[in-house]
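S.K.: Handing you this structure, nothing more for now.
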Amino acid sequence: MGIRQQAVRDIPRQRLQSQGLAGPGHESPADLVRWLGAVQAQDYLGSLWALGLRLPGTTQLQVEQALADGAIIRTWPLRGTIHFVAPQDVRWMLELVTPRLLATHGRRLERESGLDPIVLKRSRNAFTRGLRGGKQLARPVMYQLLEAAGVSTAGQRGYHILWRLAQEGLICFGPRAGKQPTFVLLDEWVPPSKKLERDAALAELAGRYFTSHGPATVPDFAWWSGLTAADATAGLEAVKRDLTRETIDGRVYWMPPGTERPRVTGTTAHLLPAYDEYTVAYRDRRAVLTAVPAARPLARNGILSPVIVIDGQVVGTWRRSLSKQNVVIALAPFARLKPGAKPALVRSANRYGGFLQVPAILK
């Protein structure tokens, strides 16, 4: 376990490598998701591209097929937020993270939305009866099941019930029906998997995170996972012998062994979706936001907008206009782009067009 001083400017390129945005890729969406541990996925179409970015040559249809096949599961396993996870990881992640989450949010939902034990029992029964036998039901139909059971879905109550019962491991997302997500019974959709004791689960999650997201700190891991600082530290302690420790600008970072200081071999460009792991998976995002003007906060901490990344730095935002004929990508850089950026962006845009299987036009 080496200890040496590193420059903050190395962090972005090292994270590009560890996250699979640069260097050798993974073989399939399932392999990639398992490597990353969890991939934030509440922006559905953007999250498909988050996987496609890391799987050169993969199309959106192939990623959606992995979801339809159950090779990837979409649910709320970490921080109460929607993620992609591997099927064998769903249950132990929920068992590890959910109790603390429900202890706080569960009380609030009971107080503010009336989700008391009686309402939750009715909701569980309604979903179990309605979904049993492999049924895949869209959200409006799920709400109809609740209403028929005497459970109001007014306001955000229906969504809160879906969230609550997904946290319990009763339901998860199934494949899309047209543009509508569906829900399924998790125990019917996801095969039985090995149970992990709590200490083993903490170690597994920590090992996945620091290997696939490093360089990262313990507070970064706590943020990403939703664990307490004490649990995050305990997880790291169990696996730190398999990681490399670096002191960077006075902070202790952990990363995969063999991580080297990146050699600059040319300009790289990435068109990241909103909520990409490259931006969202760290409490401290300053290392990749040095080019963001101080007077222009990037959509609440730089995680909500699709962003342009040049050589690891967020340098602007982008948006798409998709038709059957093409996808038009409009760039909004914060300042004049460096020489060499345009050809790299053209390559990135063409990759996105290939992912969608339409020509890409860069503006």
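S.K.: Which numbered condition in (1) aliphatic (A, V, I, L, M); (2) within 18 Å of the chain's Cα centre (by Cα); (3) surrounded by fewer than 19 Cβ atoms within 10 Å (Cβ to Cβ) is the only one that residue 102 fails?
M.R.: For residue 102, the failing item is (2).
S.K.: Consider only pairs whose beta carbons are under 6 Å apart and that are at least six residues apart or on different chains; among these, list those whose first residue lies in the stretch 282-297 and is over 24 Å from residue 213 (Cα atoms) and whose second residue is at pLDDT 90 or above.
M.R.: The qualifying pairs are 293/334.
S.K.: Pick out the one residue from 16, 32, 51, 61 that is touching a Lys or Arg at 6+ places or on another chain (Cβ under 8 Å) and either among the β-branched types (Val, Ile, Thr) or part of a helix (DSSP H, G or I) (or both).
M.R.: On the way: 16 fails: touching a Lys or Arg at 6+ places or on another chain (Cβ under 8 Å); 51 fails: touching a Lys or Arg at 6+ places or on another chain (Cβ under 8 Å); 61 fails: touching a Lys or Arg at 6+ places or on another chain (Cβ under 8 Å).
After applying the criteria, what remains is 32.
S.K.: Just need a number here: residues in the stretch 353-363 that are modelled with pLDDT of 95 or more and out of contact with any helix residue (DSSP H, G or I) (no Cβ under 7 Å at 6 or more places or on another chain).
M.R.: 5
S.K.: Mind counting the residues in the stretch 332-344 that are within 16 Å of residue 268 (Cα to Cα) and hydrophobic (A, V, I, L, M, F, W, C)?
M.R.: Of the residues in that region, 3 qualify.
S.K.: Something else now. Just to be sure before I move on: is residue 62 within 17 Å of residue 270 (Cα to Cα) and over 12 Å from the mean Cα position of the chain (by Cα) in the structure I sent?
M.R.: No: the conditions fail for residue 62.
S.K.: Across the stretch 176-208, which residue is farthest from residue 78 (Cα to Cα) among those that are without any contact (Cβ under 8 Å) to a residue 60 or more places away in the chain and of a type in the set (A, V, I, L, M, F, W, C)? Can you show your working first?
M.R.: Taking the stretch 176-208 as the starting set, the residues that turn out to be without any contact (Cβ under 8 Å) to a residue 60 or more places away in the chain are 177-180, 182-185, 187-188, 192, 197, 199-200, 203, 206-207.
Applying the additional criterion that residues be of a type in the set (A, V, I, L, M, F, W, C) yields 177, 183-185, 200, 203, 206.
On the way: 177: 25, 183: 18, 184: 19, 185: 19, 200: 17, 203: 15, 206: 13 Å.
The extreme case among them is 177.
S.K.: I've got another one for you. Out of the residues in the stretch 88-99 that are open to solvent by 20 Å² or more (accessible area, probe 1.4 Å) and at pLDDT 95 or above, state the one that is farthest from residue 34 (Cα to Cα). Give the steps one after another, and end with the answer.
M.R.: The initial filter retains those residues of the stretch 88-99 that are open to solvent by 20 Å² or more (accessible area, probe 1.4 Å), namely 88, 91, 95, 99.
Cutting the leftovers down to at pLDDT 95 or above gives us 88, 91, 95.
Working: 88: 9, 91: 14, 95: 18 Å.
So the residue we want is 95.
S.K.: Can you tell me which residue within the stretch 304-349, out of those that are among the polar types (S, T, N, Q) and surrounded by fewer than 14 Cβ atoms within 10 Å (Cβ to Cβ), is farthest from the chain's Cα centre (by Cα)? Give the derivation first.
M.R.: Start the filter on the stretch 304-349 by keeping residues that are among the polar types (S, T, N, Q), which leaves 305, 313, 317, 321, 323, 325-326, 348.
Imposing the further condition that a residue be surrounded by fewer than 14 Cβ atoms within 10 Å (Cβ to Cβ) reduces the set to 321, 323, 325.
Details: 321: 23, 323: 26, 325: 30 Å.
Checked the stretch 304-349; the qualifying residue farthest from the chain's Cα centre (by Cα) is 325.
S.K.: Next question. Looking only at residues in the stretch 347-363 that are part of a helix (DSSP H, G or I) and of a type outside the set (Gly, Ala, Ser), which one is farthest from residue 58 (Cα to Cα)?
M.R.: As a first pass, look at the stretch 347-363 and keep what is part of a helix (DSSP H, G or I): 347-356.
Of the ones still in play, those that are also of a type outside the set (Gly, Ala, Ser) are 347, 350-352, 355-356.
On the way: 347: 15, 350: 13, 351: 9, 352: 10, 355: 6, 356: 9 Å.
Applying the filter and picking the extreme gives 347.
S.K.: Out of all the residues in the stretch 176-231, which are surrounded by 23 or more Cβ atoms within 10 Å (Cβ to Cβ), assigned to a helix (DSSP H, G or I) and aromatic (Phe, Trp, Tyr)?
M.R.: If the condition is that a residue be surrounded by 23 or more Cβ atoms within 10 Å (Cβ to Cβ), assigned to a helix (DSSP H, G or I) and aromatic (Phe, Trp, Tyr), then 209, 210, 221, 224 are the ones that fit.
S.K.: So in the stretch 21-69, with the set limited to residues that are acidic (Asp, Glu) and at pLDDT 95 or above, which one is nearest to residue 304 (Cα to Cα)? Explain how you work it out, then say what you get.
M.R.: Taking the stretch 21-69 as the starting set, the residues that turn out to be acidic (Asp, Glu) are 27, 31, 43, 64, 69.
Keeping just the survivors that are at pLDDT 95 or above gives 31, 64, 69.
Values: 31: 26, 64: 22, 69: 29 Å.
Filtering the stretch 21-69 for residues that are acidic (Asp, Glu) and at pLDDT 95 or above, the one nearest to residue 304 (Cα to Cα) comes out as 64.
S.K.: Then there is this: Could you tell me whether the stretch 123-146 includes any residue that is of a type in the set (D, E, K, R), surrounded by 14 or more Cβ atoms within 10 Å (Cβ to Cβ), over 26 Å from the mean Cα position of the chain (by Cα) and part of a helix (DSSP H, G or I)? Walk me through how you get there before you give the answer.
M.R.: Going residue by residue through the stretch 123-146, those that are of a type in the set (D, E, K, R) are 124, 129, 132, 135, 139.
Checking which are surrounded by 14 or more Cβ atoms within 10 Å (Cβ to Cβ) leaves us with 124, 135, 139.
Next cut, over 26 Å from the mean Cα position of the chain (by Cα) only: 124, 135.
Still in the list and also part of a helix (DSSP H, G or I): 124.
For the stretch 123-146, residues of a type in the set (D, E, K, R), surrounded by 14 or more Cβ atoms within 10 Å (Cβ to Cβ), over 26 Å from the mean Cα position of the chain (by Cα) and part of a helix (DSSP H, G or I): present.
S.K.: Working only within the stretch 239-250, note down all residues that are of a type in the set (A, V, I, L, M, F, W, C) and over 12 Å from residue 208 (Cβ atoms).
M.R.: Here is the first cut: in the stretch 239-250, the ones of a type in the set (A, V, I, L, M, F, W, C) are 239, 243, 248.
Hit for the stretch 239-250 is 248, nothing else.
S.K.: Sticking with this structure for a sec: Hey, can you tell me all the residues within the stretch 37-81 that are open to solvent by 10 Å² or more (accessible area, probe 1.4 Å), more than 21 Å from residue 91 (Cβ to Cβ) and either touching a Cys at 6+ places or on another chain (Cβ under 9 Å) or aliphatic (A, V, I, L, M) (or both)?
M.R.: 45, 61
S.K.: Pull up the stretch 151-175, narrow it to residues that are of a type in the set (Gly, Ala, Ser) and either assigned to a helix (DSSP H, G or I) or open to solvent by less than 10 Å² (accessible area, probe 1.4 Å) (or both), then point me to the one that is farthest from residue 77 (Cα to Cα). Show your work before the answer.
M.R.: Here is the first cut: in the stretch 151-175, the residues of a type in the set (Gly, Ala, Ser) are 152, 154-155, 158, 166, 169, 174.
Add one more test, that the residue is either assigned to a helix (DSSP H, G or I) or open to solvent by less than 10 Å² (accessible area, probe 1.4 Å) (or both), and what stays is 158, 166.
On the way: 158: 19, 166: 9 Å.
Applying the filter and picking the extreme gives 158.
Listed here are the residues, each with its yes/no results for (1) at pLDDT below 95; (2) part of a strand (DSSP E or B); (3) acidic (Asp, Glu).
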residue	(1), (2), (3)
291	yes, no, no
296	yes, no, no
317	yes, yes, no
328	no, yes, no
332	yes, yes, no
337	yes, no, no
342	yes, no, no
345	no, no, no
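S.K.: Now for a different question. Would you confirm, using the coordinates I've provided, whether residue 267 is over 25 Å from residue 104 (Cα atoms), in a loop (DSSP other than H, G, I, E, B), more than 19 Å from the chain's Cα centre (by Cα) and of a type in the set (S, T, N, Q)?
M.R.: On the way: over 25 Å from residue 104 (Cα atoms): yes; in a loop (DSSP other than H, G, I, E, B): yes; more than 19 Å from the chain's Cα centre (by Cα): yes; of a type in the set (S, T, N, Q): yes.
Judged against the criteria, residue 267 is a match.
The values are calculated or read from the model by the stated rules, or taken from the named source; none is laboratory data. Given the structure is predicted, the values throughout are model-derived calculations rather than measurements. As a convention, Cβ positions derive from the backbone with ideal geometry for all residues, glycine included, and neighbour counts pool all protein chains shown. What goes into the accessible areas is simple: the full protein's heavy atoms, side chains included, and nothing from ligands, DNA or RNA. Shrake-Rupley method; radii C 1.70, N 1.55, O 1.52, S 1.80 Å.
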